[in-house]
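Take a look at the structure set out below.
The values are calculated or read from the model by the stated rules, or taken from the named source; none is laboratory data. Please read these numbers as outputs of a predicted model, since none were measured by experiment. Cβ sites come from the backbone with ideal geometry, for glycine too, and all protein chains shown count toward neighbours.
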Amino acid sequence: MYCTQCGVNNDRGESACYICGAAMPTSLAFVTDTPGRPAPRSKAAPAAEKVASVGDRTLALIFDRALLASALMVFAAWQTSTAGRIDPTGIWFFASAAGLTFLLMLLYHVILEGAFGTTLGKAMMALRVRTSGDRGRFVAVVIRNVFRLIDSIGLYLIGFLFAMFTTRTQRIGDLVGGTVVMEGRGSNVLRAGLMVLWLILVGAAIFAAWSICPDCRGEVVMVSGLEKQLFFR
C-alpha cells in the first residue's frame, strides 16, 4: 500500500509510513458504504520512491569524494608552496591534514544533506536522504556522517557490507541516525547540468592548485595522496 503523503510503498502491513510517519489508510477507506452506487475513484498514488541501490550510492560517493579531494588539493598546494610550507614529517602536518579532511567532509555532507536532503554526488545519481525516525533532519544527518569514521574503515568496506546485507541498504550511520537513502525523481536534464557543474568545480580546483604552486606539482600529488589516505580511512 502506498503512503498518501510521500508515495513510498509500505508493503509489510505498517500502520504508519516508515519514511514520513504518516498514518496508512485502511482498506475500508477504499470501500463505499452506499449500496447500489459504484465506489468512488480513488486518486492514483504518486510514483513510489525506491530504496537506493548500493551501486548508485557507491557512484555518488565516488563523485563526492573526487570533489572534496580536489578541494583538498588546493590546501595541499598551499602547504607545499613557499608561502605556506609545512614540514611534511612534523606532527602539525598530520594534525592539520586529518583535521581539515574530517571537518570538510562533515560540513559538506551535513550542510547539503540537512538543507537539501542530498549532496552534489547524490543529486547526480538522483538520490535523497530521508529521515525515518523521530529526530530532526539536521540531527539525523550529523549522526549519520559522524559515523562515517566507522563506515569508512577499509575504504568503506564496513559501510559497504552493512548496506549489502540490510533490507534498506543502510550503513551503520543510517541505522544509528535513522536515515534511508532513496531514489529521487531528478530529470535527466537536471542531472546532466549537475555533472557539468561538478566538472567545472573539479577543474577549477585543479587549476587553482596549479596556480598556487606551479613548481611543486610532484609534492602536491604526494601531499594530496596522504590526505586522501586519511580521508578514506
Out of the residues in the stretch 122-159 that are in contact with a strand residue (DSSP E or B) (Cβ under 8 Å, 6 or more places away or on another chain), among the charged types (D, E, K, R) and under 20 Å from residue 103 (Cα atoms), state the one that is surrounded by the fewest Cβ atoms within 10 Å (Cβ to Cβ).
137
Please verify whether residue 119 is under 11 Å from the mean Cα position of the chain (by Cα), in contact (Cβ under 8 Å) with a residue 24 or more places away in the chain and not assigned by TED's automatic domain parsing to the domain that holds residue 6, treating the condition exactly as stated.
yes
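For every residue, the table says whether it meets (1) in a loop (DSSP other than H, G, I, E, B); (2) surrounded by fewer than 18 Cβ atoms within 10 Å (Cβ to Cβ); (3) at pLDDT 85 or above.
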site	(1), (2), (3)
182	no, no, yes
190	no, yes, yes
193	no, yes, yes
196	no, yes, yes
199	no, yes, yes
218	no, yes, no
227	no, no, no
